[in-house]
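The structure appears right after this line, and notes come after that.
The values are calculated or read from the model by the stated rules, or taken from the named source; none is laboratory data. This one's a predicted model, so the numbers in the text were calculated from it and none came from an experiment. FYI the Cβ positions are ideal-geometry reconstructions off the backbone, even for glycines, and counts take in every protein chain you see. Accessible surface is based on the protein model in full, side chains and every heavy atom, while ligands, DNA and RNA are left aside. Shrake-Rupley method; radii C 1.70, N 1.55, O 1.52, S 1.80 Å.
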Amino acid sequence: MSNIERAIKAVHAPLMKLPLKLLAIAMAVAVAGLVMWEPHQFAEAIGGFNPVIAPLMIWATCSAMVFGMSFVPHRWHWQLFFSPIIALPILIYILGLYFL
């Protein structure tokens, strides 16, 4: 195990709690559901699906599902790519824009 892998595991270790995983799944399903249910209203509420928001929203939803389902990629670069540390704040921001 390399130093990078150890560092990533150490950073992710406090996040591996069931309530946080359930929250991640709930937020990912909520965003996906809102996009599918009323895409025009959702886009209007969050400021549109621009070239920054749309890819970040898709990536954060996928990352939250990977994290929430307790899937841990074998390679450290995929663990870093699907990190909940970045994905969860993005989903909180997007859902906050919609509900506030």
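In segment 1-83, which helices (runs of 4 or more DSSP H) lie fully inside it and hold 1 or more residues that are over 20 Å from PHE99 (Cα atoms) and open to solvent by less than 90 Å² (accessible area, probe 1.4 Å)?
3-12, 18-37, 53-68, 76-81
For segment 84-100, name all the residues that are free of Cβ contacts under 8 Å to residues at least 40 places away in the same chain and surrounded by fewer than 14 Cβ atoms within 10 Å (Cβ to Cβ).
Selection gives PRO89, GLY96, PHE99, LEU100.
Of the conditions (1) closer than 27 Å to MET1 by Cα; (2) in contact with a helix residue (DSSP H, G or I) (Cβ under 7 Å, 6 or more places away or on another chain), ILE90 clears all except one; give me its number.
Evaluating ILE90 over (1) closer than 27 Å to MET1 by Cα; (2) in contact with a helix residue (DSSP H, G or I) (Cβ under 7 Å, 6 or more places away or on another chain) leaves (1) as the failure.
Inside segment 63-83, can you point out the residues that are without any contact (Cβ under 8 Å) to a residue 60 or more places away in the chain and of a type in the set (Phe, Trp, Tyr)?
Across segment 63-83, the qualifying residues are PHE67, PHE71, TRP78, PHE81, PHE82.
Anything in segment 1-29 that is more than 15 Å from PHE67 (Cβ to Cβ) and aliphatic (A, V, I, L, M)? List them, or say none.
MET1, ILE4, ALA7, ALA10
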